[in-house]
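Heads up: the structure comes next, in structure tokens.
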Amino acid sequence: MSGRKLLVRVRVWVRVRVRVRRFFCDWASCPWRTFVEHVGGLSERYRRSSLGLKTWLRQVAVELGGRAGERLCRRTQLAAGRTRLPELLDPPTAPERSPRVLGVDEFASREGHTYGTILVDMEAGRVVDVLPDRTSETFAA
């Protein structure tokens, strides 16, 4: 079988059964009639996926970003679009002090159409700000 590639797809489903306590509210005007015990380390409130999956998707977003991360998730049969992945990233922390050496560079997010400016603290190697355009008025502000 030289020169042929064999593609095998394996689909694995994991089902986690958790037994939690359900509490009932006796107060008549309560908008929520029942409450369920929270399972720490497994899930978060109003989240439809586990913390482990969220952590894995965050790593994909850090390494690959939007479209490339979406392609990887599609290949691994995960539901994560190019807009959801960047939302999982934590916003950059604000520096405690103003940078001593500031690097300024311009970039084009769409070739020849949309330009921006990035400001970098050269000593710490961190992004300080990303400006929406490349005008001197925006940079001065």
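Points worth noting:
- Residues (open to solvent by 50 Å² or more (accessible area, probe 1.4 Å) and either under 20 Å from V14 (Cα atoms) or not charged (D, E, K, R) (or both)) located in the range 59-78: Q59, V62, L64, L72, R74, R75, T76, Q77, L78
- Selection of the range 79-115 for residues being surrounded by 11 or more Cβ atoms within 10 Å (Cβ to Cβ), assigned to a strand (DSSP E or B) and either within 22 Å of the chain's Cα centre (by Cα) or among the hydrophobic types (A, V, I, L, M, F, W, C) (or both) yields L102, V104, F107, A108.
- Hits in the range 124-139 - residues which are over 16 Å from P92 (Cβ atoms) and either open to solvent by less than 90 Å² (accessible area, probe 1.4 Å) or in contact (Cβ under 8 Å) with a residue 12 or more places away in the chain (or both): P132, D133, R134, T135, S136, T138, F139
- Unmet criterion (only one of (1) at pLDDT 80 or above; (2) in contact with a Phe, Trp or Tyr (Cβ under 7 Å, 6 or more places away or on another chain)) for E70: (2)
- Scanning the range 116-130 for residues that are more than 21 Å from the chain's Cα centre (by Cα) and in a strand (DSSP E or B) yields a count of 5.
The values are calculated or read from the model by the stated rules, or taken from the named source; none is laboratory data. The model shown is predicted, which means the values in this text are computed figures rather than measured ones. A quick note on method: Cβ atoms are made from the backbone with ideal geometry, for glycine too, and the neighbour counts reach across all protein chains shown. Surface accessibility is based on the protein's heavy atoms, side chains included, excluding ligands, DNA and RNA. Shrake-Rupley method; radii C 1.70, N 1.55, O 1.52, S 1.80 Å.
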